[in-house]
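What follows is a single structure, written as structure tokens, with notes after it.
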Amino acid sequence: MLARPAVLAAYSFAAGLHHSLLDRAMSDVRGAIIPYLPELTAIRRDLHAHPEIGFEEVRTSSIVADKLRSWGVDVSLGLGRTGLVGTIRGSRPGSRSIGLRADMDALPINEATGLPYASVNPGRMHACGHDGHTAMLLGAARYLASHRDFSGTVNLIFQPAEEGLGGAKGMIADGLFERFPCDSVYGMHNLPGMPVGKFGLREGALLASAGLFEVTFSGKGGHAGLSEHAKYDIAAVLAKYVLALRELAANEAEPGETAVIRVGELEGHGGASLNVMPAKTYVGGTMRCFSPQTRAVFTRRIGELAHILVAEAADASAKVELRWITTALINATAQTGVAARAAAAVAGAHVDTNTPRLSGGEDFAYMMEVRPGSFIFLGNGTEADGHGQDVHTPKYDFNDDIIPYGVEYWVKLVDHELSD
């Protein structure tokens, strides 16, 4: 998932298996999960130590496939290059089928956690918790493979390249939903800053359309000390443009919508001399919004503004490149109701069905454009250690204490979707 601000914690639970498998009357699912939690934790930490970025998840997908096969799950490889699907059919008759998705890729970040299982691959890190997402879906696979008392089919979707490289689109293009029909699809992501044992979701838009823009202004340049050269000052054009982008996000988004345009990089090409006006300047950044109307406005106006401003300068031009990485993630009504009930079966009252929208982007949204579904957050913890660190940062770490919650959620979701 593309980075977003951490959510402030409302409360926290005690250490250990919080609010937990040990504190409450133990369900059959929890009782079955406990014996293989050490194996799932070991898998998660092994994946953490050997991170692979998008479309390079060869080792990861091999481990996932081997585990699934060992539990009697049918495995299909090569969807979206390094993605795979495990299929589990229920013992009771039924034609319905659902997809449960986990992402597998890491990020090009140097890890700074100092953990015993820290990354051994320089410049690669599981800084978003996809190692944990994979482990939790594997845990659900193991349980469901040995407890097939449901009607229909569960497709376990292990997706590559979620982090902006189009892994979901790649799996869809390779016939994901033709080969593995799904009446609905579900995703889950850990959330630092949310207490362990708590789930959060909402109907409708939950995560944003996320895109990138790059604009290069070119001009004549000139001597910065000569007033007659002021008309060639494309540094001034750049400054006006950055301010105009802020106004665009604030004033031209749909009413009530939180929309963001942020500059991530500025560059001037004036050489080593500070009294030379540059002949070229560059600005790049990100844009986030939730509605298709605002997305269309950003797509049109980011370029328009650049060309309007350069028209005021002499001998200047603007080159605009803009691309959307994800579409807005929209939770469908029916599936969000199912997800909320499944989460409540795990966490009781600790399910927030009106969790705030986040400006992060999620590749799973493309699967949800093809099939109705719902996406849920699972609290990763509020501690000041890696569990509370925001994703996409060098000190983040997935919290192994949440593995049983994730596994049980997936199982309860199957119970709710594929019961008679």
(message) Out of everything in region 370-385 that is part of a strand (DSSP E or B) and of a type in the set (Gly, Ala, Ser), what residue ends up being farthest from residue 256 (Cα to Cα)?
(response) 381
(request) Could you list, in sequence order, all residues of region 41-86 that are touching a residue at least 12 places away in the same chain (Cβ under 8 Å) and among the polar types (S, T, N, Q)? (result) 41, 60, 61, 76, 82
(request) Mind checking which strands (runs of 3 or more DSSP E) fall wholly inside region 271-369 and carry at least 2 residues that are modelled with pLDDT under 95 and more than 30 Å from residue 408 (Cβ to Cβ)? (result) 280-289, 317-326
(message) Which residue is surrounded by the fewest Cβ atoms within 10 Å (Cβ to Cβ), if the candidates are limited to region 395-410 and must be part of a helix (DSSP H, G or I) and in contact with a His (Cβ under 8 Å, 6 or more places away or on another chain)?
(response) 401
(message) surrounded by fewer than 24 Cβ atoms within 10 Å (Cβ to Cβ) and on the phi < 0 side of the Ramachandran plot: which single residue out of 392, 387 fits that description?
(response) 387
(message) So for region 106-118 (the condition being touching an Asp or Glu at 6+ places or on another chain (Cβ under 9 Å) and polar (S, T, N, Q)), does at least one residue qualify?
(response) yes
(message) Within region 215-236, take every residue that is touching a Phe, Trp or Tyr at 6+ places or on another chain (Cβ under 7 Å) and either loosely packed, with under 15 Cβ neighbours inside 10 Å or modelled with pLDDT under 90 (or both) and give me the one that is farthest from residue 301 (Cα to Cα).
(response) 222
(request) Go through region 247-286 and give me each residue that's among the hydrophobic types (A, V, I, L, M, F, W, C) and under 20 Å from residue 204 (Cβ atoms). (result) 253, 259, 260
(message) Within region 178-194, does at least one residue satisfy the condition of being more than 20 Å from residue 58 (Cβ to Cβ), surrounded by fewer than 24 Cβ atoms within 10 Å (Cβ to Cβ) and either of a type in the set (Val, Ile, Thr) or under 15 Å from the mean Cα position of the chain (by Cα) (or both)?
(response) no
(request) Go through region 285-321 residue by residue and tally those that are within 20 Å of residue 264 (Cα to Cα) and small (Gly, Ala, Ser). (result) 4
(request) Might you check whether a residue that is more than 15 Å from residue 75 (Cα to Cα), in contact with a Pro (Cβ under 8 Å, 6 or more places away or on another chain) and surrounded by fewer than 21 Cβ atoms within 10 Å (Cβ to Cβ) occurs anywhere in region 153-170? (result) no
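The values are calculated or read from the model by the stated rules, or taken from the named source; none is laboratory data. Bear in mind that the values here come from a model prediction, so they are computed numbers and not experimental data. Cβ coordinates were reconstructed from backbone atoms using ideal geometry, including for glycine residues, and neighbour counts include every protein chain displayed.
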